[in-house]
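*Asks:* The structure's right below; bear with me while I get my questions together.
The values are calculated or read from the model by the stated rules, or taken from the named source; none is laboratory data. A quick note: this is a predicted structure, and the numbers were derived from the prediction, not measured. Neighbour counts are summed over all protein chains in view; Cβ atoms, including those assigned to glycine, are modelled from backbone coordinates with ideal geometry.
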Amino acid sequence: MDSFELNKIAGAVLGALLLAMGTGFLAELIYKPKPAGDRGYPLPAAQETAGGAPAEAQKEEPLPVRLASADATKGQSAAKKCAACHSFDKGGPNKVGPNLYEVVGRAKGGHEGFNYSAALKAKGGEWTYDDLDHFIRAPKGYISGTIMAFAGVSSGAERADILAYLKTLSDKPVEFPKP
Ligand code: HEC
């Protein structure tokens, strides 16, 4: 009986040891390949950075962060490039493009008396800051088929400034999304 009890204890100790060793072995199996995998990454990444564009895309802050430091006065002067086609004042006329007073929160293609493209009207929904950011960055990229003949503003900071300016063009400004 006694030796049987001892055997049970010895078995338990041995089992625990085996478990510990097995766990260690498993842990090694799981964690060992990682550094080797990491080692494979830097080269292609470095080559991509040399290309320029992907690195720039990575550098752009998310919109709420850009808006938090946006400057409406700078945006107003940046928006001069829009003024050839758009008026910004309340009750202003539609020109080549629709009047942009209170455009934030307005239905897409929703300004009275402007003959929008079918593509813009089909987009649907209201102009959020996020949508405007995408549209101003690359109008045809956001709405293929839009008749807004404008290449877009590539600088994320400048687009945020323009959005900050558009925010001021309202009797009830729409709040920026929170970062
Ligand atoms: C060459 C003329 C031109 C320039 C420059 C231009 N736009 Fe436009 N914009 C248009 C036209 C035309 C439309 C109507 C597009 C459609 O119906 O597809 C439009 C539509 C828009 C709309 C959609 C409005 C709505 O009521 O749905 C916004 C927002 C807008 N433009 C913002 C801008 C901003 C901001 C700039 C400057 C960064 C700018 N545009 C520069 C011609 C222009």
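*Asks:* Of all helices (runs of 4 or more DSSP H) completely enclosed by the stretch 102-179, which ones contain at least 1 residues that are small (G, A, S) and modelled with pLDDT of 95 or more?
*Replies:* Hits in the stretch 102-179: 118-123, 139-142, 156-168.
*Asks:* Any chance you could count how many residues in the stretch 59-87 are part of a loop (DSSP other than H, G, I, E, B) and either near the ligand (Cβ under 9 Å from one of its atoms) or free of Cβ contacts under 8 Å to residues at least 24 places away in the same chain (or both)?
*Replies:* Final tally of qualifying residues: 6.
*Asks:* Under 9 Å by Cβ, and 6 or more places apart or on different chains, what pairs join a residue from the stretch 91-105 that is on the phi > 0 side of the Ramachandran plot and of a type outside the set (D, E, K, R) with one that is more than 8 Å from the ligand (Cβ to nearest atom) and not in a loop (DSSP other than H, G, I, E, B)?
*Replies:* G105/E126
*Asks:* While we're here: Is it the case that the stretch 146-169 has a residue that's within 10 Å of V104 (Cα to Cα), among the charged types (D, E, K, R) and touching a residue at least 24 places away in the same chain (Cβ under 8 Å)?
*Replies:* yes
*Asks:* Provide a single number: the residues in the stretch 149-162 that are buried (at least 22 other Cβ atoms within 10 Å of the Cβ) and either hydrophobic (A, V, I, L, M, F, W, C) or within 6 Å of the ligand (Cβ to nearest atom) (or both).
*Replies:* 2
*Asks:* Is at least one residue of the stretch 110-121 within 28 Å of E61 (Cα to Cα) and not basic (K, R)?
*Replies:* Yes, because at least one residue in the stretch 110-121 is within 28 Å of E61 (Cα to Cα) and not basic (K, R).
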